[in-house]
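This report concerns only the one structure given below.
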Amino acid sequence: MEEKTRCSWCLSSDLYKEYHDQEWGVPVYEDQKLFEFLLLETFQAGLSWITILKKRENFRQAFDHFDYKKIANYSEDKIQELLLDAGIIRNKLKVYSAVSNAQNFIKIQEEFGSFSKYIWGFVDGKPIDNKRKSLREVTATTPLSDKISKDLKKRGFKFVGSTVVYAHMQATGMVNDHVEDCWTKSL
């Protein structure tokens, strides 16, 4: 059976390939899923994405299936429980930021009607196709991710530097950074 041509960053594991083939770069407009990626991306800051993917189901269980309404109301006891959970990244600042980011996520929903309207408004509601010839052309940040990062920080979000924001944009399909010869490019 012939192997599909994929973006080279995902070739090191089957988990990466599955994520690449089924999720990465697929436009996400549902607030629940956008929050899931936001939470995971903020925990990824300073780590590899494969580390997060391997712990994704643990995060799902620990953070009430990424229910931002529940997370926004976590008690100190729940936060301490999370800090003892070996199945997730037990970074104190990131755990606390998950709670405050959930609270700020809800504020954006109240202001814009949905987080989706807010975040997709930066790209006029449709993905940017970057037409990358090779992985070398993919950047870690862009002027747009700088702008979104700055706006999120102004709204009180934590762990949303430009690199995290750009990774979120890639994961949720706001930008299409699949290389031109990747089989998913034409989907």
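What residue, of Thr141, Thr163, is hydroxyl-bearing (Ser, Thr, Tyr), closer than 18 Å to Phe37 by Cβ and assigned to a loop (DSSP other than H, G, I, E, B)?
On the way: Thr163 fails: assigned to a loop (DSSP other than H, G, I, E, B).
After applying the criteria, what remains is Thr141.
Each residue in segment 103-125 was checked for being part of a loop (DSSP other than H, G, I, E, B), open to solvent by 30 Å² or more (accessible area, probe 1.4 Å) and touching a residue at least 40 places away in the same chain (Cβ under 8 Å), and 0 pass.
When each of Thr184, Thr172 is tested for being of a type in the set (S, T, N, Q) and buried (at least 20 other Cβ atoms within 10 Å of the Cβ), the lone residue that passes is Thr172.
Each row is one residue, and each column tells you yes or no for (1) among the small types (Gly, Ala, Ser); (2) open to solvent by 70 Å² or more (accessible area, probe 1.4 Å); (3) over 21 Å from Val160 (Cα atoms); (4) assigned to a helix (DSSP H, G or I).
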residue	(1), (2), (3), (4)
Ser12	yes, yes, yes, no
Gln32	no, yes, no, yes
Ile50	no, no, no, yes
Phe59	no, no, no, yes
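For beta carbons closer than 7 Å, sequence separation of 6+ or different chains, a first residue in segment 90-102 that is of a type outside the set (Val, Ile, Thr) and a second that is surrounded by fewer than 20 Cβ atoms within 10 Å (Cβ to Cβ), the qualifying pairs are Arg90/Leu83; Lys92/Leu83; Tyr96/Ile79; Ser97/Lys158; Ser100/Gly156; Ser100/Lys158; Asn101/Lys158; Ala102/Ala72.
One line per residue, one yes/no per condition, for (1) of a type in the set (Ser, Thr, Tyr); (2) in contact with a strand residue (DSSP E or B) (Cβ under 7 Å, 6 or more places away or on another chain); (3) over 21 Å from Tyr118 (Cβ atoms); (4) modelled with pLDDT of 95 or more:
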position	(1), (2), (3), (4)
Thr5	yes, no, yes, no
Ser12	yes, no, yes, no
Glu30	no, no, no, yes
Glu36	no, no, no, yes
Gly46	no, no, yes, no
Ile52	no, no, yes, yes
Lys69	no, no, no, yes
Tyr74	yes, no, yes, yes
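Could you look through segment 147-167, keep only residues that are of a type in the set (Val, Ile, Thr) and under 19 Å from Gln103 (Cβ atoms), and pick out the one that is farthest from the chain's Cα centre (by Cα)? The selected residue is Ile148.
The values are calculated or read from the model by the stated rules, or taken from the named source; none is laboratory data. What you see is a predicted model, and the numbers here were worked out from it, not measured in a lab. Quick reminder, even Gly has a Cβ in these numbers, built from the backbone with ideal geometry, and neighbours come from all protein chains shown. The protein model used for the area step is the full one, side chains on, heavy atoms only, and it has no ligands, DNA or RNA in it. Shrake-Rupley method; radii C 1.70, N 1.55, O 1.52, S 1.80 Å.
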